[in-house]
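Engineer: My questions all concern the structure below.
The values are calculated or read from the model by the stated rules, or taken from the named source; none is laboratory data. What you see is a predicted model; the values in this text were computed from it and never measured. With ideal geometry, Cβ positions are generated from the backbone for all residues, glycine too; neighbour counts draw on all protein chains shown. What goes into the accessible areas is simple: the full protein's heavy atoms, side chains included, and nothing from ligands, DNA or RNA. Shrake-Rupley method; radii C 1.70, N 1.55, O 1.52, S 1.80 Å.
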Amino acid sequence: MTHPRTSVLARSAPAVVCTLLVLAVSGLALIGSETTQRTATQMLVMGVIAVGTYIFVGNSGVLSFGHVVFVAVGAYVTALTTIPHNLKQALLPALPGWLAALELSLPEALLISGLLSLLLGAVFSLVILRLDGMAAGIASLALLISVNVVISNWDAVTRGSQGIVGIPADLTIGATVPWLIGAIAVALAYQLSRSGFRLRASREDPVAAAALGVRIRRDRSIAFVISAFVCGVGGGLYAHFLGALTPGDVYLQLTLLTLLMLIVGGIRSLSGAVIGTVFISVLAELLRRIEAGGDVGPLELAPHPGIQQLILALTLLLTLLLRPGGITSGRELGLPLLGSLGGRRRSPQT
């Protein structure tokens, strides 16, 4: 019989591997230039958003184009609650008095952003999760468009298309790493929960799962609200990374980038979400430097406008054609030592 403690370690191996990868990349970035550190910070923020999206999409198999809605909610709530009081009054004179006077620390603002996103996710799940498959994906896209229209025209609170400026751009690698590790831990905890197992069963065969008594809509709703919470936290981090926020920052481009990371890494595994984020972030930064031209190491390159979007699109296309399961093929990465221990520990009676 497998020792319980060893079994827990073996099942936690994907989170351990992901955490070690995040710490290794972050550590390397800390000894690099200021530009490298900023790129790494952006990668960590995108990691929180990608892992948050994975919690629902990866476990349910339902492709969602609307999770950036919760990123947008988190970003604007965090911005409105962390901008200095005097600047907020000047930028948003029509803001309600209690909100204009509110000034929170970043951790407090992130938790509030996550909770508000969770509540919004609970409301939206009542509508979106009545649908299945592509219909649910299209409904989530309609939700994203609708919320973006509201943000773009709510001048009293969001300044509309002018955007919000003056957000403290104080995000660092050290401040972001704990939030990504926390997101990984939340994703693993749900993945190992009974609801997570039932939801993955419905992903593989919804008819058989329903016949066995799995309440698919309920388990999808649980994953949806947890996913919304993590994406809301990621949105708050994103606002503090940018320092200024417009409706376009939390719209289609961010949606496509998040899905690109998940698909390339492996949309059905937590390891894939993290590895895809690291891979695409590094690739996008290299392509950005090539696109801008100048000196790239020992090479001197001419500017190549548009090459970043072109190569990223080709990366997605080649992944779908040659490796549909992504880099990880939908499997979790584990530590061999933990896996072997999980199989060797047996009681004397066996």
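Engineer: For segment 119-195, give me every one of the helices (runs of 4 or more DSSP H) that falls completely inside it and has 2 or more residues that are farther than 18 Å from A75 by Cα and either in contact with a Leu (Cβ under 7 Å, 6 or more places away or on another chain) or open to solvent by 70 Å² or more (accessible area, probe 1.4 Å) (or both).
Structural biologist: In segment 119-195, the matching helices (runs of 4 or more DSSP H) lie at 133-153, 173-192.
Engineer: Something else: Would you point out which residue out of L129, L144, L119 is closer than 21 Å to P107 by Cβ and within 21 Å of the chain's Cα centre (by Cα)?
Structural biologist: Every option except L119 fails the conditions.
Engineer: If a residue has to be farther than 14 Å from V57 by Cβ and not in a helix (DSSP H, G or I) to count, how many in segment 233-276 make the cut?
Structural biologist: Residues in segment 233-276 being farther than 14 Å from V57 by Cβ and not in a helix (DSSP H, G or I): 5 in total.
Engineer: Okay, next question. Do we find that L99 is more than 21 Å from N148 (Cα to Cα), open to solvent by 10 Å² or more (accessible area, probe 1.4 Å) and either outside any loop (DSSP other than H, G, I, E, B) or in contact with a His (Cβ under 7 Å, 6 or more places away or on another chain) (or both) in this structure?
Structural biologist: Numbers: more than 21 Å from N148 (Cα to Cα): yes; open to solvent by 10 Å² or more (accessible area, probe 1.4 Å): yes; either outside any loop (DSSP other than H, G, I, E, B) or in contact with a His (Cβ under 7 Å, 6 or more places away or on another chain) (or both): yes.
So L99 fits the description; yes.
Engineer: Kindly evaluate G97 against the criterion of being of a type outside the set (S, T, Y) and farther than 25 Å from N153 by Cβ.
Structural biologist: On the way: of a type outside the set (S, T, Y): yes; farther than 25 Å from N153 by Cβ: no.
It is false that G97 is of a type outside the set (S, T, Y) and farther than 25 Å from N153 by Cβ.
Engineer: May I ask you to verify whether S340 is modelled with pLDDT of 75 or more, open to solvent by less than 90 Å² (accessible area, probe 1.4 Å) and either in a helix (DSSP H, G or I) or closer than 28 Å to G61 by Cβ (or both)?
Structural biologist: Working: modelled with pLDDT of 75 or more: no; open to solvent by less than 90 Å² (accessible area, probe 1.4 Å): yes; either in a helix (DSSP H, G or I) or closer than 28 Å to G61 by Cβ (or both): yes.
When the stated conditions are applied, S340 does not pass them.
Engineer: Are any of the residues in segment 13-32 part of a helix (DSSP H, G or I), closer than 20 Å to S227 by Cα, small (G, A, S) and open to solvent by 10 Å² or more (accessible area, probe 1.4 Å)?
Structural biologist: yes
Engineer: Right, here's the next one. Is segment 277-291 home to any residue that is touching a residue at least 60 places away in the same chain (Cβ under 8 Å) and under 26 Å from A142 (Cα atoms)?
Structural biologist: Scanning segment 277-291, I find at least one residue that is touching a residue at least 60 places away in the same chain (Cβ under 8 Å) and under 26 Å from A142 (Cα atoms), so the answer is yes.
Engineer: Here is a list of conditions, (1) under 17 Å from L254 (Cα atoms); (2) open to solvent by 10 Å² or more (accessible area, probe 1.4 Å), and F70 meets all of them except one; can you say which number that is?
Structural biologist: (2)
Engineer: In segment 202-242, which residues are in contact with a Pro (Cβ under 7 Å, 6 or more places away or on another chain) and within 19 Å of V68 (Cβ to Cβ)?
Structural biologist: H240, the sole residue that qualifies.
Engineer: List every residue pair whose Cβ atoms sit under 7 Å apart, with the two residues 6 or more apart in sequence or on different chains, where the first one lies in segment 99-120 and is under 17 Å from P168 (Cβ atoms) and touching a residue at least 12 places away in the same chain (Cβ under 8 Å) and the second, anywhere, is open to solvent by 70 Å² or more (accessible area, probe 1.4 Å) and in a helix (DSSP H, G or I).
Structural biologist: What qualifies is A100/Q89.
Engineer: In segment 304-327, which residues are more than 19 Å from A273 (Cα to Cα), open to solvent by 90 Å² or more (accessible area, probe 1.4 Å) and not in a helix (DSSP H, G or I)?
Structural biologist: Hit for segment 304-327 is P305, nothing else.
Engineer: Also, quick follow-up: Residue by residue through segment 73-86, note down the ones that are more than 19 Å from the chain's Cα centre (by Cα) and surrounded by 14 or more Cβ atoms within 10 Å (Cβ to Cβ).
Structural biologist: Narrowing segment 73-86 to residues more than 19 Å from the chain's Cα centre (by Cα): 80-86.
Listed by number, the residues that qualify are L80, T81, T82, I83.
Engineer: Does L91 satisfy the criteria of being open to solvent by 10 Å² or more (accessible area, probe 1.4 Å), in contact with a helix residue (DSSP H, G or I) (Cβ under 8 Å, 6 or more places away or on another chain) and at pLDDT below 95? Even if it seems obvious, please write down each step before you answer.
Structural biologist: On the way: open to solvent by 10 Å² or more (accessible area, probe 1.4 Å): yes; in contact with a helix residue (DSSP H, G or I) (Cβ under 8 Å, 6 or more places away or on another chain): no; at pLDDT below 95: yes.
When the stated conditions are applied, L91 does not pass them.
Engineer: Follow-up. Return yes when L262 is over 21 Å from G137 (Cβ atoms) and surrounded by 24 or more Cβ atoms within 10 Å (Cβ to Cβ) and no when it is not. Outline the logic, then answer.
Structural biologist: On the way: over 21 Å from G137 (Cβ atoms): no; surrounded by 24 or more Cβ atoms within 10 Å (Cβ to Cβ): yes.
Here the answer is no, as L262 does not meet what is asked.
Engineer: For segment 200-217, check the following and say yes or no: at least one residue is on the phi < 0 side of the Ramachandran plot, under 20 Å from the mean Cα position of the chain (by Cα) and either assigned to a helix (DSSP H, G or I) or at pLDDT below 95 (or both).
Structural biologist: Going residue by residue through segment 200-217, those that are on the phi < 0 side of the Ramachandran plot are 200-212, 214-217.
Checking the rest, the ones that are also under 20 Å from the mean Cα position of the chain (by Cα) come to 200.
Imposing the further condition that a residue be either assigned to a helix (DSSP H, G or I) or at pLDDT below 95 (or both) reduces the set to 200.
Yes, some residue in segment 200-217 is on the phi < 0 side of the Ramachandran plot, under 20 Å from the mean Cα position of the chain (by Cα) and either assigned to a helix (DSSP H, G or I) or at pLDDT below 95 (or both).
Engineer: Could I ask something else about it? Quick test for you: out of S227, S269, pick the one residue that is open to solvent by less than 10 Å² (accessible area, probe 1.4 Å) and either more than 30 Å from R203 (Cβ to Cβ) or at pLDDT below 95 (or both). If you could, list the steps in order and put the result at the bottom.
Structural biologist: On the way: S227 fails: either more than 30 Å from R203 (Cβ to Cβ) or at pLDDT below 95 (or both).
So the residue among S227, S269 that is open to solvent by less than 10 Å² (accessible area, probe 1.4 Å) and either more than 30 Å from R203 (Cβ to Cβ) or at pLDDT below 95 (or both) is S269.
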